[in-house]
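Working notes, structure below.
The values are calculated or read from the model by the stated rules, or taken from the named source; none is laboratory data. All values reported here derive from a predicted model rather than from experimental measurement. Virtual Cβ from ideal backbone geometry, glycine too; neighbours counted across all protein chains shown.
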Amino acid sequence: MREMPEDEIETYIQKSREQAERLNSGVKDFAVFDLNHIPEKPLIRKEVKKIIDVFVR
């Protein structure tokens, strides 16, 4: 593996950063990727209503 001159490394890093920014520019809210996120108002699917009814009885 050949060694890159320092200016090539800096150029590579800058291009990688720019590409990452372009890819991430479409993400409006990164909170959706938080697996511990608890929504203020959860969605209730119709299948869940049957389960809730069983628990309530």
Can you find even one residue in the range 2-9 that is surrounded by 10 or more Cβ atoms within 10 Å (Cβ to Cβ), in contact with a Phe, Trp or Tyr (Cβ under 9 Å, 6 or more places away or on another chain), hydrophobic (A, V, I, L, M, F, W, C) and free of Cβ contacts under 8 Å to residues at least 24 places away in the same chain?
-> yes
For the range 10-48, what are the residues that are among the charged types (D, E, K, R), over 20 Å from the mean Cα position of the chain (by Cα) and surrounded by 10 or more Cβ atoms within 10 Å (Cβ to Cβ)?
-> GLU10, LYS15
Candidate set from the range 1-39 (those that are aliphatic (A, V, I, L, M) and in a loop (DSSP other than H, G, I, E, B)); member that is modelled with the lowest pLDDT | MET1
